[in-house]
Structure formats: C-alpha cells, structure tokens
Amino acid sequence: MSEAKPYRERPTARVLLFDPDDRILLMKGRLPSNPDAPGVWFTIGGGIEPGESLYEAAAREVVEETGLTDAVLGEIAWRGEVVLPDRNQRPILFKDTFILARTSGGAVGRHGWQALEQEFVDDMRWWTLDELEATGESVFPPDLAQRLRAVLP
C-alpha cells in the first residue's frame, strides 16, 4: 500500500525576465494563506497547466502577468522546491523551475491577471542587481541577486 503524500505538488515556471539594461522584473505580493503579511518581491511566473510544457507555461505567464509579448525564453537557470500553505492552510510543494528570458522592456500591464493576482499582488517593477542586493525589503528567493549574478554573462 502506498503512503499518501503530506501535500500536493505544483510544478511552476518562474521567469527571470530581463530588459536591455539587465534589470529584472519582479512582482510584490502576499500569500493567500496570510493576506495581511507584508509583501515579498518575487519573479513572475506560475503553475504549469495540464498538457502544457514548461516553456509554454513560462511564455503564457509572461504575457498574462506583464502584457509584454516579445519575451525570448532561454536556458533553465536553476530549480528549487518550497512548501507553502494555500488559502486553507494546506501545504503545497512548489517545484519551481527558473528560466532566463529577455524582453525589450518598457511599461508592464495587468490586464491578463487572474483574480488571485489582482487580490494579492501589490506592485511590479524593474530592479537592477545592485538595487536587489541593497534593498531591505523581502525578496524570494532571499539570495536572488547572488543567484542572478552567477547565471548572467
């Protein structure tokens, strides 16, 4: 008899989206499980839908979350896992794949946001790596700037 998993798994495509000035686009939001908590800056991206490839999900998420349609997806930078609670405090294992991508940049739009994003995402902005390293704000993953320096040419 197989043992039940203590949580469900959610594979995700996280996009490290850079503009021509090597700034990365991050979103600031809160978890549905803790809507009153301070926001955290994180990469764009989201869940991989059934029947969708990693790169299809990444491309879809860029357009939905930013309105930018010229992103060129590159190599996988790294993978990671984190367990976070859902709105009902049930643990979910997020299996994140971080993909490098480039865009011509510019203003971003929120027209493709889903209800959850509209409710829990507070801001979006372009960051330099120096700004990321110097910020006192919470960023996920916490060592994002160092990881990015290691994978950028």
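The values are calculated or read from the model by the stated rules, or taken from the named source; none is laboratory data. These figures come from a predicted structure and were not determined experimentally. Here Cβ is always computed from backbone atoms with ideal geometry, including for glycine, and neighbour counts include all displayed protein chains. Only protein heavy atoms, including side chains, enter the accessible area calculation; ligands, DNA and RNA are left aside. Shrake-Rupley method; radii C 1.70, N 1.55, O 1.52, S 1.80 Å.
With the contact rule set at Cα under 8 Å and sequence spacing of 6 or more, what percent relative contact order holds for segment 7-153? Worked out over segment 7-153, it gives 33 percent. Only one item in (1) 41, 18, 11; (2) 22, 16, 15; (3) 24, 18, 16 matches semi-axes √(5λ) of the Cα gyration tensor in Å derived from the coordinates shown, and that item is (3).
Among bridges DSSP assigns within the chain, what percent are antiparallel (round to 5)? Antiparallel bridges make up about 65 percent of those DSSP assigns within the chain.
For GLU52, the accessible surface of its heavy atoms amounts to roughly 40 Å² (probe 1.4 Å, protein chains only, rounded to the nearest 10). Oblate is the label for segment 79-153, because the ratio a/c of its alpha-carbon gyration tensor axes (a ≥ b ≥ c) is 1.5 or higher and a/b is not greater than b/c. Of PHE120, PHE140, the residue with the largest accessible area leads and the full order is PHE140, PHE120 (1.4 Å probe).
Under 10 Å, Cα contacts only: if you run a Gaussian network model on the chain, which one of GLY106, GLY45, GLY74 comes out with the highest mean-square fluctuation? Maximum among the listed residues: GLY106. Summing charges over all other residues whose Cβ lies under 13 Å from the Cβ of GLU49, with Lys and Arg as +1 and Asp and Glu as -1, gives -2.
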